[in-house]
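The values are calculated or read from the model by the stated rules, or taken from the named source; none is laboratory data. Everything numeric here is computed off the predicted structure, so don't read it as measured data. Cβ placement follows ideal geometry from the backbone for every residue including glycine, while neighbour counts extend to all protein chains displayed.
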Amino acid sequence: MSLVSKTFDLFGKTYVLEAGELARQATGAAVVKQGDSTVLTTVVVSKERKNYDFFPLTVDFNEKMYAAGRIPGGYLKREGRPSEKATLTARMIDRPIRPSFPDGFRNEVQVVATPLVADQANPVDVICVMGASLAMTIGGVPFEGPLACVRIGRDTETGEFIVNPTYEERESSDLDLELAGTRDFISMVEAGADEVSEEDMLAAMQFGQEAIGAFCDAQLEFAAEWERVNGPIAKREYPLDEPVEEVHERVFAHYDEMAAALRDADKLSRQDKVADLKEAIRAEFTEEEQLVWEREIPVNLKKLEKTAMRRMVVETGERVDGRAADEIRPIMVKGDYLPLVHGSGLFQRGQTQVLSVLSLGMLNEGQRLDTIEPVEGKRYMHHYNFPPFCTGETGRMGSPKRREIGHGNLAERALLPVLPDENEFPYAIRVVSEVMESNGSSSMASTCGSCLALMDGGVPIKRPVSGIAMGLIQEEGETVVLSDIQGIEDFLGDMDFKVTGTERGITALQMDNKATGLTFDILRRALEQAKEGRAFILGKMLDVVPAPREETRATAPKIQTITIPVDNIRDVIGSGGKVIRCIQDETGASIDIQEDGTIYVGGTGESVAEAIERIELIVKVPEVGEEYTGRVVSIQPFGAFVNLLPGKDGLLHISRVANGRVEKVEDVLNVGDEVKVKVIEIDDRGKISLDRLEKPDAPEGSAPSGHERRERGDRPGRERRERGGRERGPRRPGDNGGRTPRRHHDA
């Protein structure tokens, strides 16, 4: 096996495909590069067929911090559980690959994508699909390929579409669309958008389909070069579960019974009827037959249910719960559902119910990200939980699964475009969607419930967002687009197409497609039908919660922003953080200081105002003429130092501590005394001179004695003053009577 490498340019970017050098014991392995970003993708297919009634595919994105030249955070300093981004990337690879395998394929397949270099300019996620496709191609794995995935952006200034934009190019894009599939059809779509119209979204998808075709052609050219160098690709034989006609006929003899069992609007009741019928059909087979056909029987039972549901929709136009194709299930909306929390909303559509709860915090409470991408953190977090009880089942409670992370990310992208800028609303925002009951499109219910929670919490979103899940049935040459699909229509249908947006346009989109006959005309119909459904749902939401609260709730922290000179940051922080900790401890407020001098102060009650006042006193610069009540902090022979503001002292000269002459400052002032003073001078070095207000009379005996006055009168300067020289006030420190100071020289 020799190394084969191919470099090519597409849509303004340079790519490299390589194989034959790394991971040669895998069934297939390929390296894909965009710029300097490099990903190794391996595929291994087990030699034995598994006794499953499903396709056992596993996909992992093996994120390595060394790819970005970083050391992992945490105590162990090694990679731990996958980050959310790694999980989402693994899902992105899985979704186009899974439907590309033939029906009845039961060998285990494991795809592992390992980023070797992340150049911080070119993302590594979308090129992983091309790597997996190429690895399967040269490994002789049977699949409908080649496959590719592209990201489509759009320059907001020129309106031009960009294929696989860099991180910098994504910053100036109002669209982040990922598509995967073959040259002929799209199998996966994931998108975030800044209220993009349906027409523009469809145009971007068509452009993306063309780009996918170009990357598929590049793989075919590579495969031809591979065979020229290394010989023909060995097509491995993998036995498939072949249909058994006898089993099919005996199971499908109960078609009418299955169609009748499916006609029940209640999910649990319908499931029980279908399960009872399947068990009765299974019981018609002998124990020996069940052992022989242990895979074929459950497969055909599933086909019976799927066929009966689909034919019902196509032939009668009626769905299992009696709705028409474009009909939305009954909706129930409640805002302000929970006391004390910062915001909450309950959204129910049919038998899908989600409670979303809002929490607000300081910006420094946002999520820090430890990944190979240049993004360091995020301010808005949406978390989605799908506990077993929401479907009437038991199960393990623990860390979120891939599906939960994916659905939470979709709802997060749906709402992100309408959130206020942090300068307008300086909060970290977390919304948790708890699925209380589920029968389809719980991620869209989470989007709607979370929008309600944000408005209930007083977050000034730009426009409200709603979402809907669309479906597709293609049966016997007929195509039906379904609005607001429920669980059985998702599981047994051809498409799960989720769309979120405002009245102005789309904010997020996700699609998994199993139908190879999905055309752009059908997608156009689905988008238009989704737009109507979104508007209907949004109207129901606004009937209950018409707009965001004018202010955040009383239980939420109040956050105010102030700005100080950068030179004063160290004064507010203090040595070792002593000053800022003291302010926080004494006021109860939280303080977050930015490098540009912006300070976010958050808390409840009067804590924010108190903390801001303390900070403003620290950075305030006294001005001539201002009056203060200060505390004496130090006494020297020439006067007293009085603290005016935190960190700012002024000198009250001995000549100004009282009416009349005093011998010692201690005769009228002591350390710790409060004294009212006025700023009379600030020199160019910032030294402050003070005068005492409401001076007391100097105490008797405080002035110098007559003998001391006579001794002072014998001084030479006294004679000059008596002869008409300039009168001078009391001598101050550094005052030498106008004489040039005597210089001392080393011997």
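Being within 24 Å of Glu169 (Cβ to Cβ) and either of a type in the set (Lys, Arg) or modelled with pLDDT under 95 (or both) is the filter here; which residues of segment 13-34 pass it?
Lys13, Lys33
I'm told Ser187 meets every condition in (1) assigned to a strand (DSSP E or B); (2) hydroxyl-bearing (Ser, Thr, Tyr); (3) over 33 Å from the mean Cα position of the chain (by Cα) except one. Can you identify the failing condition by its number?
(3)
Is it the case that some residue within segment 174-187 is modelled with pLDDT under 95 and acidic (Asp, Glu)?
Taking every residue of segment 174-187 in turn, at least one turns out to be modelled with pLDDT under 95 and acidic (Asp, Glu).
If you check every pair at least six apart or on different chains, which have Cβ atoms under 7 Å apart with a residue in segment 134-154 that is over 14 Å from Met188 (Cβ atoms) and in contact (Cβ under 8 Å) with a residue 12 or more places away in the chain first and a residue that is hydrophobic (A, V, I, L, M, F, W, C) and in a loop (DSSP other than H, G, I, E, B) second?
Matching pairs, first to second residue: Met136/Phe143; Ile138/Ile233; Gly140/Ile233; Gly140/Ala234; Phe143/Phe101.
Looking only at segment 562-575, decide whether some residue is under 30 Å from Gly345 (Cα atoms), of a type outside the set (D, E, K, R) and within 29 Å of the chain's Cα centre (by Cα).
No, segment 562-575 has no match at all.
Name every residue in segment 273-309 that is surrounded by 13 or more Cβ atoms within 10 Å (Cβ to Cβ), of a type in the set (A, V, I, L, M) and closer than 15 Å to Asp53 by Cα, in order of residue number.
Those that are surrounded by 13 or more Cβ atoms within 10 Å (Cβ to Cβ), of a type in the set (A, V, I, L, M) and closer than 15 Å to Asp53 by Cα: Val292, Ile297, Val299, Leu301, Leu304.
Condition check ((1) of a type outside the set (A, V, I, L, M); (2) surrounded by 19 or more Cβ atoms within 10 Å (Cβ to Cβ); (3) out of contact with any helix residue (DSSP H, G or I) (no Cβ under 8 Å at 6 or more places or on another chain)) across all residues:
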{"residue": "Phe638", "(1), (2), (3)": "yes, no, no"}
{"residue": "Gly650", "(1), (2), (3)": "yes, yes, yes"}
{"residue": "Val668", "(1), (2), (3)": "no, yes, yes"}
{"residue": "Gly672", "(1), (2), (3)": "yes, no, yes"}
{"residue": "Asp683", "(1), (2), (3)": "yes, no, yes"}
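Condition check: surrounded by 17 or more Cβ atoms within 10 Å (Cβ to Cβ), more than 24 Å from Leu338 (Cα to Cα) and basic (Lys, Arg). Does Lys540 satisfy that?
no
Can you confirm whether segment 190-204 contains a residue that is more than 30 Å from Arg349 (Cβ to Cβ), surrounded by 13 or more Cβ atoms within 10 Å (Cβ to Cβ) and at pLDDT 95 or above?
Scanning segment 190-204, I find at least one residue that is more than 30 Å from Arg349 (Cβ to Cβ), surrounded by 13 or more Cβ atoms within 10 Å (Cβ to Cβ) and at pLDDT 95 or above, so the answer is yes.
Tell me, please, whether a residue that is at pLDDT 95 or above, among the aromatic types (Phe, Trp, Tyr) and either surrounded by fewer than 19 Cβ atoms within 10 Å (Cβ to Cβ) or within 29 Å of the chain's Cα centre (by Cα) (or both) can be found in segment 519-528.
no
Among (1) over 25 Å from Asn439 (Cβ atoms); (2) under 43 Å from the mean Cα position of the chain (by Cα); (3) in a loop (DSSP other than H, G, I, E, B), which single condition is Ala234 missing?
Just one mismatch for Ala234, condition (2).
In segment 1-17, which residue that is in contact (Cβ under 8 Å) with a residue 40 or more places away in the chain and among the charged types (D, E, K, R) is nearest to Met136 (Cα to Cα)?
Result: Lys6.
Only one residue in Ile468, Ile473, Ile429 is among the β-branched types (Val, Ile, Thr), more than 25 Å from Ile522 (Cα to Cα) and touching a residue at least 12 places away in the same chain (Cβ under 8 Å), so which one is that?
On the way: Ile468 fails: more than 25 Å from Ile522 (Cα to Cα); Ile473 fails: more than 25 Å from Ile522 (Cα to Cα).
Answer to the selection: Ile429.
Need pairs with beta-carbon distance below 8 Å; first residue free of Cβ contacts under 8 Å to residues at least 40 places away in the same chain and surrounded by fewer than 23 Cβ atoms within 10 Å (Cβ to Cβ) and within segment 18-45, second in a loop (DSSP other than H, G, I, E, B) and not polar (S, T, N, Q); sequence gap 6+ or separate chains.
If the second residue must be in a loop (DSSP other than H, G, I, E, B) and not polar (S, T, N, Q), the pairs left are Glu18/Leu3; Glu21/Leu3; Arg24/Met1.
Output the residues belonging to segment 418-467 that are part of a strand (DSSP E or B), buried (at least 24 other Cβ atoms within 10 Å of the Cβ) and of a type outside the set (Val, Ile, Thr).
Ser433, Ser466, Gly467
Quick check on my filter: what residues within segment 471-488 are of a type in the set (D, E, K, R) and not in a loop (DSSP other than H, G, I, E, B)?
Glu475, Glu478
Among the residues of segment 645-669, count how many are hydrophobic (A, V, I, L, M, F, W, C), within 59 Å of the chain's Cα centre (by Cα) and at pLDDT below 90.
1
Any idea which of (1) among the charged types (D, E, K, R); (2) touching a residue at least 12 places away in the same chain (Cβ under 8 Å); (3) out of contact with any strand residue (DSSP E or B) (no Cβ under 7 Å at 6 or more places or on another chain) is the one Arg413 doesn't satisfy?
(3)
Provide a single number: the residues in segment 382-402 that are over 15 Å from Glu434 (Cβ atoms) and either in a helix (DSSP H, G or I) or modelled with pLDDT of 95 or more (or both).
Summing the residues that are over 15 Å from Glu434 (Cβ atoms) and either in a helix (DSSP H, G or I) or modelled with pLDDT of 95 or more (or both) in segment 382-402 gives 1.
Pick from Thr507, Thr555, Thr516: which is of a type in the set (Val, Ile, Thr), part of a loop (DSSP other than H, G, I, E, B) and under 28 Å from the mean Cα position of the chain (by Cα)?
Of Thr507, Thr555, Thr516, the one residue that is of a type in the set (Val, Ile, Thr), part of a loop (DSSP other than H, G, I, E, B) and under 28 Å from the mean Cα position of the chain (by Cα) is Thr555.
Does segment 621-660 hold any residues that are without any contact (Cβ under 8 Å) to a residue 40 or more places away in the chain, more than 22 Å from Asp585 (Cα to Cα), hydrophobic (A, V, I, L, M, F, W, C) and assigned to a strand (DSSP E or B), and which are they?
If the condition is that a residue be without any contact (Cβ under 8 Å) to a residue 40 or more places away in the chain, more than 22 Å from Asp585 (Cα to Cα), hydrophobic (A, V, I, L, M, F, W, C) and assigned to a strand (DSSP E or B), then Val633, Ile635, Ala640, Phe641, Leu651 are the ones that fit.
For segment 586-620, which positions are of a type in the set (D, E, K, R) and either in a loop (DSSP other than H, G, I, E, B) or farther than 13 Å from Lys558 by Cα (or both)?
Hits for segment 586-620 are Glu586, Asp592, Glu595, Asp596, Glu606, Glu613, Arg614, Glu616, Lys620.
From the set of residues in segment 555-571 that are touching a residue at least 12 places away in the same chain (Cβ under 8 Å) and more than 14 Å from Ile591 (Cβ to Cβ), which is surrounded by the most Cβ atoms within 10 Å (Cβ to Cβ)?
Taking the candidates together, the pick is Ala556.
Inside segment 280-304, can you point out the residues that are free of Cβ contacts under 8 Å to residues at least 40 places away in the same chain, over 14 Å from Glu249 (Cα atoms) and not hydrophobic (A, V, I, L, M, F, W, C)?
Answer for segment 280-304, where residues must be free of Cβ contacts under 8 Å to residues at least 40 places away in the same chain, over 14 Å from Glu249 (Cα atoms) and not hydrophobic (A, V, I, L, M, F, W, C): Thr286, Glu287, Glu288, Glu289, Gln290.
Condition test on Ile372, is it in contact (Cβ under 8 Å) with a residue 40 or more places away in the chain, part of a helix (DSSP H, G or I), buried (at least 20 other Cβ atoms within 10 Å of the Cβ) and not small (Gly, Ala, Ser)?
Criteria not met by Ile372.
Which condition from (1) touching a strand residue (DSSP E or B) at 6+ places or on another chain (Cβ under 9 Å); (2) among the hydrophobic types (A, V, I, L, M, F, W, C); (3) crowded, with 17+ Cβ neighbours inside 10 Å is the one that Val579 breaks?
Val579 satisfies every listed condition except (1).
Looking only at segment 303-328, filter to residues that are assigned to a helix (DSSP H, G or I) and of a type in the set (A, V, I, L, M); which one of those is farthest from Ala261 (Cα to Cα)? Steps first, answer last, please.
To start, the set of residues in segment 303-328 that are assigned to a helix (DSSP H, G or I) comprises 303-316.
With the extra rule that they be of a type in the set (A, V, I, L, M), the set shrinks to 304, 308-309, 312-314.
Values: Leu304: 12, Ala308: 10, Met309: 10, Met312: 12, Val313: 15, Val314: 17 Å.
It comes out as Val314.
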